[in-house]
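What follows is a single structure, written as structure tokens, with notes after it.
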Amino acid sequence: ATLRYTNGRRPMVHIFVEGDTLFIQHGCPDGLGVCTVDFTVTMPEDKAMWIQSTSGNVDLTGHTGAMDIDAVSGNVTLTDVSGDIHVQSTSGNVRGTSVDAQNITAYSTSGNTTFRMVGTPTNVMIESTSGNVELTVPDDDYNFCLRAVSGNVSLRGLSDVDAAERFVEIGTISD
């Protein structure tokens, strides 16, 4: 962990394990001042993970297990991942590159969402309240549903076939 802080106030860091779950928590003493902590965590690639971040970016590379990520005020970047993905982002962009997941669910409030797939997904559902959505998938048959009130949706590689076994649903509310 790399600690950065101002006003001579060292961040509080609490790391502990309960069962098979690693918890990492930090904060500023007495809630005063500005302090940040950067963590690099190495874990088995195939284990399911749940990440909750407030005011921080989440960068995940090479993971093959299921991912459940909840980020408030920070970007989520997924690179070379292949486990099922569930991402919820408030005030940050979601970007997946070289993704080979079968199931993707992404909700974004005030941020752009981009997924570039290298594998053919079975189910994709992306919703954005205030941001653009871009999805690139391998050429194949998909059954998809698009909803846009005032946002931009960009799709590449989709052929709409009602009987397709792969389903893509994308909705935007505002741009």
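Remark on T114: its backbone amide H falls under 5 Å from those of V94, R95, G96, E134, a criterion applied only to residues 5 or more positions apart or on other chains, H modelled at 1.01 Å from N. Shape summary: the range 1-142 maps onto an equivalent ellipsoid whose semi-axes, from the alpha-carbon gyration tensor, are 31, 18, 11 Å in decreasing order. Whose amide H sits under 5 Å from the amide H of T105, counting only residues 5 or more places off or on another chain, with H placed in the peptide plane? Long-range HN contacts for T105: I85, H86, V87, M125.
Rule-based calculations on the coordinates, nothing more; no lab input. As the structure is a computational prediction, the values presented were derived from the model and not from experiment.
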